[in-house]
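A.B. asks: Next up is a structure, given as structure tokens.
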Amino acid sequence: MAVPVSRMTSPGPVIEVRDLVTCYGDQKILDGVSLTVEPGEIMVIMGGSGSGKSTLLRYLLGLHRADGGEIRLFGKDISTLSSREWMALRRKIGVSFQGGALFNSMDVGENVRMPLREHTSLDENTMRIMARMKLEVVNMAGFEHLMPAQLSGGMIKRAALARAIVMDPAILFFDEPSAGLDPVVAADLDNLILRIRDAMQVSMVVVTHELESAFKIADRITVLDRGRILMIGTVDEVRGSDNPRIRNLLTRTSEDEPVDADEYLRRLTEGARRI
Amino acid sequence: MAAEIGAARFRQMTEAVGRKFVTGVEDFGYAAALLVESLVWLLAGRWMQQRVRLAAVAREMMSIGVQAIPVVSILAFANGAMMAMQGIYTLRDFGAESQVISGIAMSVTREFGVLIAGIVVAGRSGSAIAARIGTMQMAQEIDALRVIGVSPVRYLVSPILAAMLVMMPVLAILSDAMAIVGGGVISMVELHISMETYLTRILASLAPGDLFQGLTKSLVFAVLITLVATSNGFNASGGAEGLGRATTRSVVLCIAAIVVADMIFTFFLSR
């Protein structure tokens with residue numbers, strides 16, 4: 001298989017995160033997160049709600065500034081990039097957001113063409129053809145003229161995916177691909193993700209809390225819990241882990257901690273005393 | 001004990017005031033940064049491969065300006081007529097009813113024409129812009145823009161700013177004209193003069209400075225409405241309720257901002 005040029009020039013990991021620390025007010029959301037994503041790999045970031053997995057994604061995308069640690073995309077520290085370098089880097093990244101984040105004022109075709117329109121100077125017809133090609137990939141050809149409000153949940157995700165891959169990115173980020181979808185549509189989407197990876201040789205970071213989906217598509221899985229990494233490993237390694245918190249996640253065990261009466265009283269009275 | 005509670009309450013109060021003040025300064029700084037950034041995109045975007053699209057500007061001009069024409073016309077006409085009625089009634093005691101014409105000419109061009117246009121635009125577009133950007137913010141569309149590599153300010157704010165800067169003066173002039181016509185209709189009936197005489201006297205009592213004062217204000221209003229509405233949209237959070245709050249806040253702040261700015265400008269421009 002032919003190796004894309006971008007990968008030959010940077011043989012190292014496409015994403016490198018070292019000791020990432022992020023805070024919201026005084027509260028630490030991510031604490032010392034480190035991980036790497038190799039070219040062509042599907043890395044699934046898994047964890048329960050509030051584990052910080054969506055936050056991690058937002059920092060990987062450069063939407064916020066980290067409070068500590070370092071994020072490297074294609075070997076470049078993103079905190080030191082100029083806006084021009086960011087622009088160049090953005091062309092190599094595709095993102096499919098949780099709710100699709102299609103632009104509501106544009107039809108599907110216009111949504112998919114948007115990155116082309118902003119980054120290239122192709123003529124209208126070429127853009128149409130390219131957008132159609134990508135819509136074909138996600139089985140959405142012929143729906144160009146629908147508005148996002150007219151689409152079903154699965155169609156929104158697929159249209160968002162088409163927009164994310166229209167620039168042929170080297171990294172594809174995917175936030176909760178199966179959230180809010182019925183199992184059949186979610187399974188379709190998983191297959192689609194694998195097909196795109198094979199066809200385009202793209203690295204993927206998929207954030208999800210769906211176990212089945214994670215095990216099906218992942219090369220490696222990062223398990224996040226309360227802002228820390230519990231483990232990084234292959235599907236089998238995660239399945240075989242004996243870490244109790246990972247086991248809880250896998251077996252859907254509730255993890256209400258036993259209530260310590262003294263601690264509980266102290267928490268209750270502490271707030272009152274401060275006034 | 002009582003003193004202790006009093007002290008605690010006092011401290012809470014000062015803390016609250018301080019916090020409000022800090023957020024106020026923050027909001028102000030945010031708006032200023034927004035203004036600078038959107039101006040930079042408007043003027044220099046062409047050379048940064050991120051030009052502001054004329055189609056977007058035209059669309060905004062349509063929704064901000066053209067579609068506001070009927071409301072502005074009606075309000076301005078009614079306001080001009082009311083001024084004439086009140087003026088004639090008040091001045092009748094002094095037998096100086098006809099002075100109402102120069103009164104209308106001055107107050108409309110300097111003050112009320114532009115103020116009416118401003119309030120209509122603040123009410124119509126101030127809410128619509130905040131709602132649109134707020135919705136985009138909550139649906140992660142703003143994030144999507146950023147990861148595609150499109151500056152949200154360039155894409156969303158700059159066209160609005162350009163459209164406002166063009167349409168506000170136009171609306172202000174329209175508003176002036178309609179208010180003068182409104183005053184004229186009443187004057188014709190009450191003072192028994194022809195429209196022609198009325199208009200000649202209006203023109204005679206106007207100096208270019210009067211019109212200029214109104215137009216200057218219209219540009220200031222354009223900037224204020226744009227900044228207040230867009231920054232409220234970008235900072236919207238908290239679901240449907242938060243969106244409603246941002247929209248309301250946007251309209252109220254827009255109107256407050258233009259009225260206060262109007263007062264300040266009048267103070268300086270009419271010395």
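The values are calculated or read from the model by the stated rules, or taken from the named source; none is laboratory data. Every value quoted in this text rests on a predicted model; they were computed, and no experiment measured them. Neighbour counts run over all protein chains shown; Cβ positions are idealised from the backbone, glycine included. Each accessible area value is taken on the protein alone, full model and side chains, heavy atoms only, with ligands, DNA and RNA left out. Shrake-Rupley method; radii C 1.70, N 1.55, O 1.52, S 1.80 Å.
A.B. asks: Condition test on B:Val157, is it in contact with a strand residue (DSSP E or B) (Cβ under 6 Å, 6 or more places away or on another chain) and crowded, with 20+ Cβ neighbours inside 10 Å? Give the steps one after another, and end with the answer.
C.D. replies: Working: in contact with a strand residue (DSSP E or B) (Cβ under 6 Å, 6 or more places away or on another chain): no; crowded, with 20+ Cβ neighbours inside 10 Å: yes.
No: the conditions fail for B:Val157.
A.B. asks: Same structure, new question: Pick out the one residue from B:Ile64, B:Ile69 that is closer than 30 Å to B:Glu190 by Cβ and either over 19 Å from the mean Cα position of the chain (by Cα) or away from chain A (no Cβ under 14 Å) (or both). Show your work before the answer.
C.D. replies: Numbers: B:Ile64 fails: closer than 30 Å to B:Glu190 by Cβ.
Sole residue among the options that is closer than 30 Å to B:Glu190 by Cβ and either over 19 Å from the mean Cα position of the chain (by Cα) or away from chain A (no Cβ under 14 Å) (or both): B:Ile69.
A.B. asks: Can you tell me which residue is least open to solvent (accessible area, probe 1.4 Å) among those in the stretch B:1-57 that are closer than 18 Å to B:Leu253 by Cα and of a type in the set (D, E, K, R)?
C.D. replies: B:Asp27
A.B. asks: A follow-up question, please. Collect the residues in the stretch B:151-176 that are at the interface with chain A (Cβ under 9 Å from one of its Cβ atoms) and in contact with a Lys or Arg (Cβ under 9 Å, 6 or more places away or on another chain), keeping them in residue-number order.
C.D. replies: B:Tyr155
A.B. asks: Would a scan of the stretch A:31-52 turn up a residue that is modelled with pLDDT of 85 or more, within 14 Å of chain B (Cβ to nearest Cβ) and touching a strand residue (DSSP E or B) at 6+ places or on another chain (Cβ under 8 Å)?
C.D. replies: Scanning the stretch A:31-52, I find no residue that is modelled with pLDDT of 85 or more, within 14 Å of chain B (Cβ to nearest Cβ) and touching a strand residue (DSSP E or B) at 6+ places or on another chain (Cβ under 8 Å), so the answer is no.
A.B. asks: Mind checking which residues of the stretch B:141-168 are without any contact (Cβ under 8 Å) to a residue 40 or more places away in the chain and either closer than 14 Å to B:Val57 by Cβ or part of a helix (DSSP H, G or I) (or both)?
C.D. replies: Applying the first criterion (without any contact (Cβ under 8 Å) to a residue 40 or more places away in the chain) to the stretch B:141-168 yields B:141, B:143-149.
Residues satisfying the conditions are B:Glu141, B:Asp143, B:Ala144, B:Leu145, B:Arg146, B:Val147, B:Ile148.
A.B. asks: Does the stretch A:181-201 include one or more residues that are within 14 Å of chain B (Cβ to nearest Cβ), over 19 Å from A:Leu73 (Cβ atoms) and open to solvent by 40 Å² or more (accessible area, probe 1.4 Å)?
C.D. replies: Taking the stretch A:181-201 and keeping what is within 14 Å of chain B (Cβ to nearest Cβ), we get none.
No, the stretch A:181-201 contains no residue that is within 14 Å of chain B (Cβ to nearest Cβ), over 19 Å from A:Leu73 (Cβ atoms) and open to solvent by 40 Å² or more (accessible area, probe 1.4 Å).
A.B. asks: Would you confirm, using the coordinates I've provided, whether A:Ala214 is within 18 Å of A:Leu35 (Cα to Cα), part of a helix (DSSP H, G or I) and not polar (S, T, N, Q)?
C.D. replies: yes
A.B. asks: Filter the stretch A:72-93 down to residues that are assigned to a strand (DSSP E or B) and either open to solvent by 20 Å² or more (accessible area, probe 1.4 Å) or within 8 Å of chain B (Cβ to nearest Cβ) (or both), then give me how many there are.
C.D. replies: The first filter runs over the stretch A:72-93 and keeps only residues assigned to a strand (DSSP E or B), leaving A:72-73, A:76-77, A:93.
Now drop any that are not either open to solvent by 20 Å² or more (accessible area, probe 1.4 Å) or within 8 Å of chain B (Cβ to nearest Cβ) (or both), which leaves A:72, A:76-77, A:93.
Of the residues in the stretch A:72-93, 4 are assigned to a strand (DSSP E or B) and either open to solvent by 20 Å² or more (accessible area, probe 1.4 Å) or within 8 Å of chain B (Cβ to nearest Cβ) (or both).
A.B. asks: Please determine, by comparing only the residues of the stretch B:116-150 that are under 14 Å from the mean Cα position of the chain (by Cα) and open to solvent by 20 Å² or more (accessible area, probe 1.4 Å), which one is farthest from the other protein chains (Cβ to nearest Cβ).
C.D. replies: Checking each candidate, the answer is B:Ile116.
For every residue, the table says whether it meets (1) within 14 Å of chain B (Cβ to nearest Cβ); (2) open to solvent by 70 Å² or more (accessible area, probe 1.4 Å); (3) in contact (Cβ under 8 Å) with a residue 24 or more places away in the chain; (4) not charged (D, E, K, R).
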| position | (1), (2), (3), (4) |
| --- | --- |
| A:Pro115 | yes, no, yes, yes |
| A:Glu124 | yes, yes, no, no |
| A:Arg132 | no, yes, no, no |
| A:Glu136 | no, yes, no, no |
| A:Gly142 | no, no, no, yes |
| A:Leu146 | no, no, yes, yes |
| A:Leu151 | yes, no, yes, yes |
| A:Gly154 | no, no, yes, yes |
| A:Ala159 | yes, no, yes, yes |
